[in-house]
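The values are calculated or read from the model by the stated rules, or taken from the named source; none is laboratory data. Bear in mind the structure is a predicted one, so any value in this text is a computation, not a measurement. When we count neighbours, we look across all protein chains shown, and the Cβ atoms used for this are built from the backbone with ideal geometry, even at glycine. The area values use the complete protein model at the heavy-atom level, side chains included, leaving out ligands, DNA and RNA. Shrake-Rupley method; radii C 1.70, N 1.55, O 1.52, S 1.80 Å.
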Amino acid sequence: MQTLAHFADGGPGPWILFFPLIWAAVVVGGITLLRRTVWRGRRGPWRAPEADDNSPIAVLGHRFASGEIDEDEYWRRLSVLDEQFGRRGKGGAA
């Protein structure tokens, strides 16, 4: 009886070369999937987007941290910016 495990002379046939190719395809496919989803840049799907350094909210935070404006001025301007730019709530909820 001739089976896949025994070719014409009893040894494995040329089909045995397909197993390394199949495993290579699985590994390359897995790495490609991870690169397109989880490993994409510094930001993953589990992280909230970071504020741009040139955004008005970030500039306001820098001015408050450097002491250019006081706390009351900071909160007053931040409330206006939140209305205008629609900043997300806590926990990343929209």
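Measuring with a 1.4 angstrom probe and ignoring ligands and nucleic acids, Trp75 comes out at about 140 Å² accessible. Backbone phi angles across region 30-38, fed through the Karplus curve with coefficients 6.51, -1.76 and 1.60 (θ = phi - 60°), yield HN-Hα couplings of x, 5, 4, 4, 5, 5, 7, 10, 7 Hz in residue order; Gly and Pro are listed as x. With each label modelled as a point 7 angstrom along the Cα→C-beta vector, the Arg76-Val59 pair spans 1.9 nm. Each residue of region 12-26 is assigned a 3J(HN,Hα), and the resulting list reads x, x, x, 5, 4, 6, 6, 4, x, 5, 5, 5, 4, 5, 5 Hz, derived from the Karplus form 6.51 cos²θ - 1.76 cosθ + 1.60 (θ = phi - 60°), x at Gly and Pro. In this simple spin-label model, placing a label point 7 Å from the Cα along the Cα-to-Cβ direction at both Glu68 and Trp23 gives a separation of 6.0 nm.
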